[in-house]
Amino acid sequence: MTDRYLAFANSTAGRRLIGALGLPAPVPLERWMAGRTRPVDGALLLGGAGARADAVRACAHKLSNALFADREGQHDLPRWTAEHGPRLKALVFDAGELTRFEQLIALRDFFQPTLKALATCPRLLILARPPETLEAPQAACVQCALEGFSRSLAKEVRGGGGVQLLYVDAGAEDRLEGALRFFLSPKSVYISGQVLRLARCDTAVDDWSRPLAGKQALVTGAARGIGAAIAETLARDGAQVLLLDVPDTADDLAALAARFGGRSLGLDICAAEAPQQLLGALPDGVDILVHNAGVTRDKTLAKMSEAQWNQVLAVNLEAPHRLTAALLEAGTLRDNGRVVLIASVSGIAGNFGQCNYAASKAGLIGLAQAWAPALGQRGISINAVAPGFIETQMTAAMPLTVREAGRRMNAMRQGGLPQDVAEAVAWLAQPDSGAVSGQVLRVCGQSLLGA
Ligand code: NAI
């Protein structure tokens, strides 16, 4: 589905008209291109001090070839100033050592001079300490304050920029590189205003050009849309992928799988024999499990039939639960595995006409939270990815007014692409992303829904 308004808004005539009328002006978002190696295509500014900044400094030369600090002599880097420095593509600020209220001004001091010097689609990242690990109430409060700051700055930053906050546990600094490669690159272009926690993790990526090499992945609902993009992206990153979708899609699915050396399986995930068939199709086990298959049957609750309720709950929630349990019990889901559940912003904010769908997606977020502690004992992580408005056949089928509202009601003023969700899944599937578990990552351009 093409967004004609986006193209118009970026034409010469469109820019003038949209400016005069004060209409939303979305910028074309920059996306990751296959074959690219350096996460940051431009200058990276590092500020603040602490164990997290030291970890960033240690791998920064692999992220960008133009590194700067905001102060003389800091991090052994040249000083950046608004007057003489280049435009900034990425900013990282370690706020983890801020412990007193009056120190919060450091956020203003660091970010304010940069705001008029940002390149297009800049990526801003704040690193911090998890408030719940700090004993002093004021220190914990100060770390909490970073949430409000980062989510607000995310709404103010222009030009397709994104701002995230990562709370990094003591001892988890050595797992920052994967998160930096994701959050400072166009792979996270449709993500903004997100807050995640990184914990210690024993597994690491060997080869950043193929971080999923040697891994076996399963993607459900892979015949089209977001699922097809996830399968392709996991294959790009080195995984062997089994694409699953309903039997009707068998031919298309097989052709898609052949394109990137994967295998295909026509199977209804709700069928009684689905667990057995899946176990049979994965004789060597699976490392990455992506529950993407999903359906909508929208109606207000007043008009919703029992069948509409049951079908959505069965596909979106019961099947992922049943299949994951079967793969776990059989030992097919290997140690250090990665499970990703595709939820939805509807499951966080609720949505008119989607009581069934929102319940199923909120349930998936609950599944990630409920299972994370037990799976963590085997090194397995489980997370939910919650897309906002993504351009697929599912959203193309929406009525025009609902579709236009969904597209524009976010900080990017446009819908995301299946690739945006796929990049988030591919990051969470990496060995070092065991540092993240039981959490939900929204890929929604900081949607105003459920903000
Ligand atoms: P889509 O409708 O284009 O693709 C869904 C795929 O799942 C289809 O290929 C379908 O055949 C398959 N599927 C459905 N029931 C199945 C079953 N019983 N067994 C096996 N496969 C089955 O949907 P889209 O847009 O690509 O969405 C993918 C996921 O992302 C879904 O879980 C959806 O709820 C979620 N999502 C999508 C958003 C969007 O804006 N497109 C927003 C938020 C979440």
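Key figures for this structure:
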{"read-out": "Options L242, L165, L253: the member that is crowded, with 20+ Cβ neighbours inside 10 Å and farther than 21 Å from S433 by Cβ", "value": "L253"}
{"read-out": "Residue count for the range 179-204, restricted to those that are aliphatic (A, V, I, L, M) and in a strand (DSSP E or B)", "value": "3"}
{"read-out": "Scope the range 222-250; condition within 10 Å of the ligand (Cβ to nearest atom), of a type in the set (G, A, S) and outside any loop (DSSP other than H, G, I, E, B); matching residues", "value": "G225, G227, A228, A229"}
{"read-out": "Qualifying residue in the range 142-149 (condition: open to solvent by less than 50 Å² (accessible area, probe 1.4 Å) and farther than 21 Å from Q103 by Cβ)", "value": "no"}
{"read-out": "Tabulated pairs, the range 340-369, first without any contact (Cβ under 8 Å) to a residue 24 or more places away in the chain and not assigned by TED's automatic domain parsing to the domain that holds L289, second of a type in the set (D, E) and open to solvent by 20 Å² or more (accessible area, probe 1.4 Å), C-beta under 8 angstrom, 6+ apart or interchain", "value": "none"}
{"read-out": "Search result, residues across the range 340-381 that are within 16 Å of the ligand (Cβ to nearest atom) and among the aromatic types (F, W, Y)", "value": "F352, Y357"}
{"read-out": "Test: residue in the range 362-379 that is buried (at least 23 other Cβ atoms within 10 Å of the Cβ) and β-branched (V, I, T)", "value": "no"}
{"read-out": "Among residues of the range 206-227, those that are crowded, with 19+ Cβ neighbours inside 10 Å and out of contact with any strand residue (DSSP E or B) (no Cβ under 9 Å at 6 or more places or on another chain), counted", "value": "1"}
{"read-out": "Residue in the range 190-198 that is in contact (Cβ under 8 Å) with a residue 60 or more places away in the chain, of a type in the set (A, V, I, L, M) and within 16 Å of the ligand (Cβ to nearest atom) present", "value": "yes"}
{"read-out": "Residue list for the range 157-178, restricted to those being in a loop (DSSP other than H, G, I, E, B) and either within 17 Å of V385 (Cβ to Cβ) or of a type in the set (D, E) (or both)", "value": "D169"}
{"read-out": "Unmet criterion (only one of (1) under 22 Å from R123 (Cβ atoms); (2) more than 10 Å from the ligand (Cβ to nearest atom); (3) open to solvent by 20 Å² or more (accessible area, probe 1.4 Å)) for A435", "value": "(3)"}
{"read-out": "Tally, over the range 141-161, of residues that are touching a Leu at 6+ places or on another chain (Cβ under 7 Å), small (G, A, S) and over 13 Å from F93 (Cα atoms)", "value": "4"}
{"read-out": "Selection from the range 439-451 of residues that are assigned to a loop (DSSP other than H, G, I, E, B), open to solvent by 20 Å² or more (accessible area, probe 1.4 Å) and at pLDDT 95 or above", "value": "Q439"}
{"read-out": "Members of the range 258-268 that are surrounded by fewer than 22 Cβ atoms within 10 Å (Cβ to Cβ) and more than 10 Å from the ligand (Cβ to nearest atom)", "value": "A258, R259, F260, G261, R263"}
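Residue by residue, here is whether (1) small (G, A, S); (2) crowded, with 20+ Cβ neighbours inside 10 Å holds:
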site	(1), (2)
A384	yes, yes
A397	yes, no
L400	no, no
R407	no, yes
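Yes/no per residue for (1) part of a helix (DSSP H, G or I); (2) under 22 Å from the mean Cα position of the chain (by Cα); (3) under 28 Å from D109 (Cβ atoms); (4) not basic (K, R):
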| site | (1), (2), (3), (4) |
| --- | --- |
| L23 | no, no, no, yes |
| L29 | no, yes, no, yes |
| A34 | no, yes, no, yes |
| V40 | no, yes, yes, yes |
| G47 | no, no, yes, yes |
| R52 | yes, yes, yes, no |
| A58 | yes, no, yes, yes |
| H61 | yes, no, yes, yes |
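Let's see how each residue does on (1) surrounded by fewer than 21 Cβ atoms within 10 Å (Cβ to Cβ); (2) without any contact (Cβ under 8 Å) to a residue 24 or more places away in the chain; (3) over 17 Å from G347 (Cβ atoms); (4) within 9 Å of the ligand (Cβ to nearest atom):
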| position | (1), (2), (3), (4) |
| --- | --- |
| C270 | yes, no, yes, yes |
| Q277 | yes, yes, yes, no |
| L282 | yes, no, yes, no |
| G285 | yes, no, yes, no |
| L289 | no, no, yes, no |
| L301 | yes, no, no, no |
| N310 | yes, yes, yes, no |
| A314 | yes, no, no, yes |
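The values are calculated or read from the model by the stated rules, or taken from the named source; none is laboratory data. The structure presented is a predicted model; accordingly, all values stated were derived computationally and were not measured. Note: ideal-geometry Cβ built from the backbone for every residue, glycine included; neighbour counts use all protein chains shown. With ligands, DNA and RNA removed, areas are computed over all heavy atoms of the protein, side chains included. Shrake-Rupley method; radii C 1.70, N 1.55, O 1.52, S 1.80 Å.
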